[in-house]
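Worksheet: one structure, shown below.
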Amino acid sequence: MDFDWPETALELKAEAAGWLAGVLPPGWGGTGTVEDLSAWMVEWRAKLAEGRWLGLSWPEEYGGRGLGEIEAVAVVEEFARHGVPWMGSNDPFSIGMLGNTILHLGTEPQKRHFLPRILSGVDLWCQGYSEPEAGSDLAGVRTRAELDGDEWVINGQKVWTSAGHLANWIFLVARTDPGLPKHRGLTFLLCPMDQSGVEVRPIRMMSGESEFNEVFFTDARTRRDHVIGEVNGGWRVAMALLGYERGTDAAVLPLQFRRELDRLVAAARELGALEDPLVRLRLIEAHERVEIMRLLGYSQLTKFAKGHAPGPDAAITKLWWSEHHRLVTELAMDILGLSSLVAEGRRPSSAFRTDDPGAPHSTASWQTVFLNARAGTIYAGTSEIQRNIIGEMILGLPKEPPPA
Ligand SMILES: Cc1cc2nc3c(=O)[nH]c(=O)nc-3n(C[C@H](O)[C@H](O)[C@H](O)COP(=O)(O)OP(=O)(O)OC[C@H]3O[C@@H](n4cnc5c(N)ncnc54)[C@H](O)[C@@H]3O)c2cc1C
């Protein structure tokens, strides 16, 4: 395991810090201090594109900077350290998932067309994998796509589509040959959403936000060549997509969860909860978990730097951070006591993981992250699925018996 950034990464971090010092106001306290974060994010995303801070590892011919993966991750860490996002709201899907997939598995015309549009923000993507009858068992998708001349005609329903209401394109897995076994006969399609055949209905989450949606396809159409990989070979593409963007998580998650824990310790001190030995014990356990997360992050980054593709051990990190977040936010609710039941003050701007850096301490903040932490053990593969992966693919245990 290597604890040091290489010299090239340190140079890039210094360049990023210099740029940030130029664009952020003096005394910047993090996005948690911004009044209208949605409007700020639109401007910030444009600045990131203008400064060429997006798609850093992509080749220059497609709008990137051609950096090594480890240098790109070092830049992201610098942005996180300054309490600013390193991408826009749809970019985890646009850049992290689809862009990287097109880069590795797309055709040359697809790369030239889509990659620059992703970086400029003209195309905003969302992920259409899950369906009412297909989540953990993704190969069970029922959405159909049939060829009609030069177009695919799509019918069916996707669900839990994050940021779907902000997107104008969706990548989806659709069944194109129902006669084949379920993992075959699937195709990975790219579909424009600004057409009458695509309807997006927001789902209200228990935290009150609506960050994900149902997406209905009724004779929706997309071009015949908007396929990544082979027709009926979509399973391989869908799985490859899930493997991208793990390096960024490894570098940034420990920082985010450390900042959150520091905030919780400060709240506990303020509320006199540190007098309680059980609270102290649970805070110490949380500290240990964040430190282990940091070491897991270093280990993943080292493998990443050596060119290893993300493997089944990514399941350990996913399981670890998501279970930690449930525990630490339950502790936050206990520390706030009865006041945790009444959400007052500023809420987090997003339902995604921790509150914004520099956010003021409020019951609405802790209550919302407590509720959202429940989602962390479901999306990107549930805890049970991660445990299956660890058992079967890392420990070599026998496969889980199928339900009777
Ligand atoms: C906040 C959030 C955002 C999301 N965003 C998106 C998105 O943008 N795009 C998208 O396509 N999807 C998205 N999802 C969906 C997510 O990928 C699925 O919810 C997840 O894969 C689980 O599928 P499911 O909900 O159908 O549950 P199921 O698969 O029905 O699982 C139900 C329960 O059974 C357990 N289980 C299932 N199979 C097994 C097994 N083999 N062994 C042991 N236990 C098992 C599960 O762990 C779970 O506890 C999102 C979900 C959330 C919560």
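The values are calculated or read from the model by the stated rules, or taken from the named source; none is laboratory data. Computed from a predicted model, the values in this text were never measured in an experiment. FYI the Cβ positions are ideal-geometry reconstructions off the backbone, even for glycines, and counts take in every protein chain you see. These accessible areas exclude ligands, DNA and RNA; they are computed on the full protein's heavy atoms, side chains included. Shrake-Rupley method; radii C 1.70, N 1.55, O 1.52, S 1.80 Å.
Quick notes on this one:
- Residues of the stretch 250-278 satisfying the condition of being over 21 Å from residue 291 (Cα atoms) and of a type in the set (Gly, Ala, Ser): 272, 273
- Filtering the stretch 118-134 to residues that are under 17 Å from residue 66 (Cα atoms) and surrounded by fewer than 22 Cβ atoms within 10 Å (Cβ to Cβ) leaves only 120.
- When residues in the stretch 368-382 are screened for being within 6 Å of the ligand (Cβ to nearest atom) and more than 13 Å from the chain's Cα centre (by Cα), 1 of them pass.
- The single residue among 290, 265 that is hydrophobic (A, V, I, L, M, F, W, C), in contact with a Leu (Cβ under 7 Å, 6 or more places away or on another chain), open to solvent by 20 Å² or more (accessible area, probe 1.4 Å) and farther than 30 Å from residue 102 by Cβ turns out to be 265.
- Qualifying positions in the stretch 351-378 - open to solvent by 20 Å² or more (accessible area, probe 1.4 Å), under 21 Å from residue 268 (Cβ atoms) and of a type in the set (A, V, I, L, M): 371
- Figure legend. Inter-residue proximity from the stretch 122-139: first residues at pLDDT 95 or above and of a type in the set (Gly, Ala, Ser), second residues near the ligand (Cβ under 8 Å from one of its atoms) and in a loop (DSSP other than H, G, I, E, B), beta-carbon distance below 7 Å, spacing 6+ or different chains. Indicated pairs: 128/161; 130/159; 130/160.
- Filter pass, residue 168 being touching a Phe, Trp or Tyr at 6+ places or on another chain (Cβ under 9 Å), closer than 26 Å to residue 47 by Cβ and modelled with pLDDT of 95 or more: yes
- The set of residues from the stretch 362-404 being small (Gly, Ala, Ser) and farther than 13 Å from residue 323 by Cα comprises 362, 364, 365, 380, 391, 396, 404.
- The residues of the stretch 146-164 that are surrounded by fewer than 21 Cβ atoms within 10 Å (Cβ to Cβ) and either touching a His at 6+ places or on another chain (Cβ under 7 Å) or under 17 Å from residue 197 (Cβ atoms) (or both), listed by number, are 146, 147, 148, 149, 150, 151, 153, 155, 156, 157.
Yes/no matrix, rows are residues, columns are (1) in contact with a helix residue (DSSP H, G or I) (Cβ under 8 Å, 6 or more places away or on another chain); (2) within 16 Å of the ligand (Cβ to nearest atom):
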site	(1), (2)
300	yes, no
328	yes, no
353	yes, yes
366	yes, no
384	no, yes
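- When the stretch 315-345 is filtered for residues that are surrounded by fewer than 16 Cβ atoms within 10 Å (Cβ to Cβ), aliphatic (A, V, I, L, M) and not in a helix (DSSP H, G or I), only 342 remains.
- Among the helices (runs of 4 or more DSSP H) confined to the stretch 1-95, the ones with at least 2 residues that are under 20 Å from the mean Cα position of the chain (by Cα), touching a residue at least 24 places away in the same chain (Cβ under 8 Å) and within 19 Å of residue 119 (Cα to Cα) are located at 37-50, 69-81.
- Counting only strands (runs of 3 or more DSSP E) wholly contained in the stretch 104-215, the ones carrying 2 or more residues that are within 16 Å of the ligand (Cβ to nearest atom) occupy 125-128, 151-158, 169-175, 186-192, 198-203.
- Of all residues in the stretch 247-262, those that are closer than 19 Å to residue 336 by Cβ and open to solvent by less than 20 Å² (accessible area, probe 1.4 Å) total 3.
- The one condition in (1) more than 30 Å from residue 349 (Cβ to Cβ); (2) touching a strand residue (DSSP E or B) at 6+ places or on another chain (Cβ under 7 Å) that residue 127 fails to fulfil: (1)
- Enumeration of residues in the stretch 20-42 that are of a type outside the set (Gly, Ala, Ser), over 20 Å from residue 260 (Cα atoms) and open to solvent by less than 60 Å² (accessible area, probe 1.4 Å): 20, 23, 24, 40, 41
- Here the stretch 230-249 is the region considered, the condition is being β-branched (Val, Ile, Thr) and closer than 30 Å to residue 293 by Cα, and the residue that is modelled with the lowest pLDDT is 248.
- Looking across the stretch 202-222 at every residue that is closer than 20 Å to residue 133 by Cα and touching a helix residue (DSSP H, G or I) at 6+ places or on another chain (Cβ under 9 Å), the one that is modelled with the lowest pLDDT is identified as 205.
- Per the listing 348, 312, the residue uniquely closer than 29 Å to residue 36 by Cβ and either in a loop (DSSP other than H, G, I, E, B) or open to solvent by 30 Å² or more (accessible area, probe 1.4 Å) (or both) is 348.
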